[in-house]
Amino acid sequence: MCSHLQETTAMAENQGWSHQRFLQYLAELELEERRQSRIERLRKTSGLPSDKTLASLDTGVLPERVKKILPSLCEGHFLGRSENIVAFGLPGRGKTHLLCAIGHELVRRDHSVLFIPAYRLVQKLLIAKRDLNLEKALRKLDRFEAVIIDDIGYVQQDREEMEVLFTFLAERYERGSVLISSNLVFSQWDKIFKDSMTTAAAIDRMVHHCVILELTGQSYRNQEAQKRNAVATSRVHDDGRGLDPKPEDHMAEAEVDAQK
């Protein structure tokens, strides 16, 4: 309010505002300033990669169903229902980017989000369990409306790792949303949890309230590598043509030799 007082006073005098309108305008500025500050704090604490946003996401290559449902997911209504999102796809299909883009949009709408690779989440929970602080660590994760777990399929769980991951999913069930990217479909989650009963229980908790996004098509990374190679090859050819002497250069050199 103090920082905008002088210019607001001048504006109010010029436009003949009432005292009520003057105070309302200052209060609205204050509220917007606080909202922007909160969003910036949420963005910093989210751990979301700054480059994986909706603006940088190539939505044109997304499957039609994913493309249609994406705007609704970005609005964040699923958070109020504690629904989960699971993005399946082979490596390089854009699972991480898609979930991060949703995460950034949720933050922009004033929702608390945490992005964390699966291996790091497991490590944190194992340390908390060792120190007899697992319950406290789980309560801390409850502060986030959405927890994005990246690359859950790459974590090869031993018994203890599997237990803390399952404990997190079980405690989170119907209390907060979990967004997971995985290169393994549900039928292959026994590779993660090993035990068939635990696998079934984990899947049951995830799919009860869940939106499944299947990402197909070619690998983004392979496509980008092919584009880079094509550009590099083109530059090599261009450089080669630039260094190749022109016919008139050969003729000039011949004339110099003849004079010598």
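Nearest 0.05, what FRET efficiency do Glu64 and Leu90 give at R0 = 25 Å with Cβ-Cβ as r?
Details: r = 19 Å, r/R0 = 0.75.
For R0 = 25 Å, the calculated efficiency reads 0.85.
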Dividing the mean separation of Cα pairs under 8 Å (6+ apart) by the residue count of the stretch 98-224 yields a relative contact order in percent of 24 percent
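Hey, can you find the accessible area per residue of the stretch 42-164 for me, probe 1.4 Å, expressed in square angstrom? Kindly include the intermediate steps, with their values, before the conclusion.
Details: 6110 Å² over 123 residues.
Accessible area per residue: 50 Å².
Loop only per DSSP, at most 16 neighbouring Cβ atoms within 10 Å: give me the chymotrypsin sites (Phe, Trp or Tyr not before Pro) in the stretch 8-59, ordered by residue number.
Numbers: sites: Trp17, Phe22, Tyr25; in loops: Trp17.
Qualifying residues, ordered by number: Trp17.
Percent of accessible area on the stretch 109-218 owned by carbon and sulfur, 1.4 Å probe?
Working: 2810 of 5620 Å².
Carbon-and-sulfur percentage of accessible area, whole number: 50.
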Treating only Lys and Arg (+1) and Asp and Glu (-1) as charged, each at its beta carbon, one finds that the stretch 163-210 has a dipole about its Cα centre, in Debye to the nearest 20, of 120 debye
Expected vector for the stretch 101-110, Karplus 3J(HN,Hα) from phi with 6.51, -1.76, 1.60 and θ = phi - 60°, integer Hz, x for Gly and Pro, equals 4, 4, x, 4, 5, 5, 4, 4, 9, 6
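Tally up the carbon and sulfur contribution to the accessible surface of the stretch 22-82 as a whole percent, 1.4 Å probe, everything protein left in place.
Working: 2100 of 3960 Å².
C and S fraction of accessible area: 53 percent.
The stretch 34-103: which GluC sites (Glu not before Pro) are DSSP loop and have at most 12 other beta-carbon atoms within 10 angstrom?
Numbers: sites: Glu40, Glu64, Glu75, Glu83; in loops: Glu83.
Filter output for the stretch 34-103: empty list.
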Expected vector for the stretch 16-23, Karplus 3J(HN,Hα) from phi with 6.51, -1.76, 1.60 and θ = phi - 60°, integer Hz, x for Gly and Pro, equals x, 5, 7, 4, 5, 5, 4, 5
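Taking the stretch 1-110, which trypsin sites (Lys or Arg not before Pro) meet the DSSP loop condition and have no more than 10 other C-beta atoms within 10 Å? Show your work: numbers first, answer last.
Numbers: sites: Arg21, Arg34, Arg35, Arg38, Arg41, Arg43, Lys44, Lys52, Arg65, Lys67, Lys68, Arg81, Arg93, Lys95, Arg108, Arg109; in loops: Lys52, Arg81, Arg93, Arg109.
Loop-located and lightly packed - Arg81.
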Taking only the alpha carbons of the stretch 95-154, the radius of gyration and the largest Cα-Cα distance, Dmax, both in angstrom, are 12.8, 37
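The values are calculated or read from the model by the stated rules, or taken from the named source; none is laboratory data. The structure presented is a predicted model; accordingly, all values stated were derived computationally and were not measured. Glycine gets a Cβ as well: all are built from the backbone with ideal geometry, and neighbour counts include every protein chain shown. All accessible areas refer to the heavy atoms of the entire protein, side chains included, with ligands and DNA or RNA removed. Shrake-Rupley method; radii C 1.70, N 1.55, O 1.52, S 1.80 Å.
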